[in-house]
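Below is one structure, written out as structure tokens; the observations come after it.
Every number here is computed from the coordinates shown, using simple stated rules; none is lab data. Worth saying up front: this structure is predicted, and the values here are computed from it rather than measured. Neighbour counts run over all protein chains shown; Cβ positions are idealised from the backbone, glycine included.
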């Protein structure tokens with residue numbers, strides 16, 4: 001879900017940010033790459049969704065993403081979120097829930113008995129299906145202790161969000177191999193320049 005927020009790249013630079021979800025196809029590709037939709041589900045949406053519905057779904061996805069960004073970055077800066085962001089998340093979370101239904105699932109194995117499960121009620125052909133899944137994933141993070149483990153990359157201008165699962169919650173970069181190495185190289189160069 002945090003990778004979804006990161007689909008507006010370089011949001012803190014002076015230049016305009018880079019939109020990584022320019023169209024509905026990019027949203028479907030993100031959903032497939034993130035593995036919350038499988039290839040068959042993506043194929044169905046690609047072939048059945050009309051352009052107007054795709055545009056509406058893309059707008060809903062971006063609206064969800066920006067409300068999440070407002071709340072999460074604000075939380076990192078110890079600012080309460082604006083009421084408008086909370087209302088947007090509430091509306092998106094409720095919309096997602098309206099498309100799920102509770103079903104009884106028989107035992108798959110002897111060790112695992114029958115159980116109740118939430119399933120998508122025929123929503124898999126709807127243009128907003130990926131948005132509803134993202135809203136459900138976002139809800140899980142926002143309503144759990146995981147919210148307090150969300151951090152922003154300290155590499156400037158990256159600031160991508162990530163879930164800090166390190167033992168002491170001291171992780172500083174979204175990716176050590178990219179941003180971490182880049183920041184270490186900058187510090188090394190600064191020390192060398194200062195030592196001259």
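Numbers for the structure displayed
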read-out	value
Sequence of 128, 77, 19, 63 once ranked by neighbouring C-beta atoms within 10 Å, starting from the fewest	77, 19, 63, 128
Proxy reagent accessibility, fewest Cβ within 10 Å first, across 42, 49	42, 49
Residue exposure sequence - 160, 120 - by fewest surrounding Cβ within 10 Å	120, 160
Kirkwood hydrodynamic radius of segment 108-178, from inverse mean 1/r over distinct Cα pairs, in Å	15.6
Cα long-axis angle, helix 129-142 against the chain (0 to 90 degrees, to the nearest 10)	60
